[in-house]
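Some notes on the structure that comes next.
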Amino acid sequence: MLKTLHQIASIGIVTEAPPAADDSLRLREGLQEQIRAVLGRALCIRHVDAGSCNGCELEIHALNNPLYNIEGLGIRFVASPRHADLLLVTGPVSRHMEIALQRTYRATPDPKLVVAVGDCGCDGGIFGQGCATRGGVAKVLPVDVAVPGCPPPPVALLQGILTAIAARAPDNPTHKLAK
């Protein structure tokens with residue numbers, strides 16, 4: 001044991017030099033700047049369940065946990081569509097929720113974004129279109145981004161939200177900001 005300790009003391013610490021800092025890895029600041037450039041403040045999301053099985057809702061709740069921490073990115077959920085910039089709609093639109101969803105859309109101030117979540121939100125999923133459902137969200141509202149999956153993982157949800165924001169960025173030639 002003394003021989004090993006003597007060898008450690010004589011050689012010293014042998015490790016690789018630490019890597020240099022890489023500013024391109026600072027996603028958080030870049031995302032916050034992009035959101036502020038588009039909206040002038042934090043992105044506010046109103047989630048609307050139009051008739052889902054709650055699988056997508058579990059993944060949406062995971063966005064708020066410490067692993068994904070979307071509040072740290074400048075994205076937060078709000079209770080009123082009047083405070084929202086983006087509607088996150090899950091489930092096939094049931095006939096009973098169609099009018100409520102349209103009212104929520106009209107109550108959201110311009111410029112507004114709509115993200116359809118899950119296979120059901122994209123095209124009706126296993127429920128399709130029938131006597132109880134209208135099908136996907138796009139049959140009721142104009143959809144900016146569709147995030148497929150049953151349910152989509154939190155990373156895909158975050159990617160869909162950021163894709164909707166990127167489409168509205170001032171430096172994007174296809175953006176449609178209301179004047």
Some residue of region 73-81 being farther than 28 Å from residue 33 by Cα, in contact with a helix residue (DSSP H, G or I) (Cβ under 7 Å, 6 or more places away or on another chain) and in a helix (DSSP H, G or I): no
Residue in region 90-113 that is part of a loop (DSSP other than H, G, I, E, B), on the phi < 0 side of the Ramachandran plot, without any contact (Cβ under 8 Å) to a residue 24 or more places away in the chain and of a type in the set (Lys, Arg) present: no
Residue among 23, 110, 49 that alone is at pLDDT 90 or above and charged (D, E, K, R): 49
Close pairs (7 angstrom Cβ cut-off, 6 or more residues apart or separate chains): without any contact (Cβ under 8 Å) to a residue 60 or more places away in the chain and part of a loop (DSSP other than H, G, I, E, B) in region 57-72, surrounded by 15 or more Cβ atoms within 10 Å (Cβ to Cβ) and of a type outside the set (Asp, Glu) anywhere: 64/70
Identity of the residue in region 140-158, surrounded by fewer than 21 Cβ atoms within 10 Å (Cβ to Cβ) and out of contact with any strand residue (DSSP E or B) (no Cβ under 7 Å at 6 or more places or on another chain), that ends up nearest to residue 63 (Cα to Cα): 154
Of residues in region 124-179 being part of a strand (DSSP E or B) and of a type outside the set (S, T, N, Q), the one modelled with the lowest pLDDT: 135
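The values are calculated or read from the model by the stated rules, or taken from the named source; none is laboratory data. Being a predicted model, the structure only gives us computed values, none of them experimental. A quick note on method: Cβ atoms are made from the backbone with ideal geometry, for glycine too, and the neighbour counts reach across all protein chains shown.
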